[in-house]
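I have placed the structure first, in the form of structure tokens, so that the comments after it can refer back to it.
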Amino acid sequence: MSSAIAGTLEGMAAPRRGRWIESVRFDLLFLILPPLLLLPVGIAMEHRIYRVMIIGVLLAFPHYFSSLTFYFWDERRDYYRERWLAFYAGPLILGAVFLLMIFLKVPLIVQVVLFFWNTFHVARQNCGLLSVYRHGAGVTDARHRNAANFAIISVSASLALANITTHQQVWPVLSVHPKLPMLVWTAAGAVAIISLARLALSIGERIREGRGPELPEAAFLCTSLLMFHPYAWMADSAMATFVMLLPHYVQYLGFVWLVHRRKFPQPAGSVSQTILGKLSSNTRFLLPVLLAIGVAFWVGNSLSRRHGFFPQFESLYLFIAFQHFYMDGLFWSLRRPEIRNSIGPYLMRRQAPAVATT
């Protein structure tokens, strides 16, 4: 989810000042508190209770595949065909390049790109969600948006580098020169400190203008700045990445479901959109589908380890992750009018009540 959300919401019907995106319960459960609610998983993994990793698999793959749901929107199909190179050929080209690098055994490039793209991807999602809260408070000034986004991205990057010496794939690249790792980490930390100071000034200005962050926005801002905290206390960078991603999965799944629930309160249209509407409007249908996706990949993971083809399964996982990063940038590119007009209104206000969701 791109921070392009920020700055593109002007002109839409803004909700009342300081409102929650959906409700207190929904926002706390799906958007604000996941980093705390899922913290026991990280603690368990630090104590070598690795069975809890099933939670990550059950969340990760439904999160990745939820990006594909945007292909089922009837109103977007003509737009996708007009930009076929990006929406149809692009994933194929990316997949071909990925498979070529795997086939040629290009060392470390895939893992290094994945690590930093993943960091940027998660931070950008937080920027985008924060912009919805900020716009709900009636603040649309680009200066405040930029200050918050810069702080979230820079703090996330600096935390991601906190235990980089333990990352088996990324560390060899940074250690090509003895002083490079410390230089990179110091520079990232300095930028993060400067960005936090800039954010503090921005918030202070808003408070003086009588538009300071209220509870929903302030709480989510804290969540965004602390999202990458596992890197600061977990011994292994790869495990910290796994734990950091858990709340990201929950946030993405919750927000994508919310947008679809608002947009398709009554299933209608093509067969694919009708099915999408039924899934998004009734959790009795949706949850088993998401669970089935997660279980299928958990079984694949287990079988691959048991029968000695885990490297191939891991390559599949990385392939899916890269496709998700790429497609997510397209589907949430709200700077484009076609995307903004189809999704923007459903970010900022409730639509007609959806059908029963239980």
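The values are calculated or read from the model by the stated rules, or taken from the named source; none is laboratory data. Quick caveat, the model's predicted, so the values are computed rather than measured. Here the Cβ is made from the backbone with ideal geometry for all residues, glycine too, and neighbour counts use every protein chain on show. Areas reflect the complete protein model, heavy atoms only, side chains present, ligands, DNA and RNA absent. Shrake-Rupley method; radii C 1.70, N 1.55, O 1.52, S 1.80 Å.
Structure data summary
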| read-out | value |
| --- | --- |
| Unmet criterion (only one of (1) open to solvent by less than 10 Å² (accessible area, probe 1.4 Å); (2) more than 30 Å from Tyr50 (Cα to Cα); (3) touching a residue at least 24 places away in the same chain (Cβ under 8 Å)) for Gln273 | (1) |
| Helices (runs of 4 or more DSSP H) contained entirely in segment 164-255, each with at least 1 residues that are touching a His at 6+ places or on another chain (Cβ under 6 Å) and either closer than 24 Å to His63 by Cβ or at pLDDT 95 or above (or both) | 180-208 |
| Selected residue [out of contact with any strand residue (DSSP E or B) (no Cβ under 6 Å at 6 or more places or on another chain), touching a residue at least 40 places away in the same chain (Cβ under 8 Å), of a type outside the set (Asp, Glu) and surrounded by 14 or more Cβ atoms within 10 Å (Cβ to Cβ)] from Gly189, Gly136 | Gly136 |
| Matching residues in segment 117-133 - criterion: being touching a residue at least 40 places away in the same chain (Cβ under 8 Å) and not aliphatic (A, V, I, L, M) | Trp117, Asn118, Thr119, His121, Arg124, Gln125, Asn126, Cys127, Gly128, Ser131, Tyr133 |
| Answer from Ile153, Ile164, Ile207 - the residue that is open to solvent by 20 Å² or more (accessible area, probe 1.4 Å), β-branched (Val, Ile, Thr) and farther than 21 Å from Trp332 by Cα | Ile207 |
| Within segment 105-142, considering residues that are of a type in the set (D, E, K, R) and part of a helix (DSSP H, G or I), the one farthest from Met348 (Cα to Cα) | Arg124 |
| Candidate set from segment 167-186 (those that are open to solvent by less than 60 Å² (accessible area, probe 1.4 Å) and touching a Pro at 6+ places or on another chain (Cβ under 8 Å)); member that is farthest from Trp20 (Cα to Cα) | Ser175 |
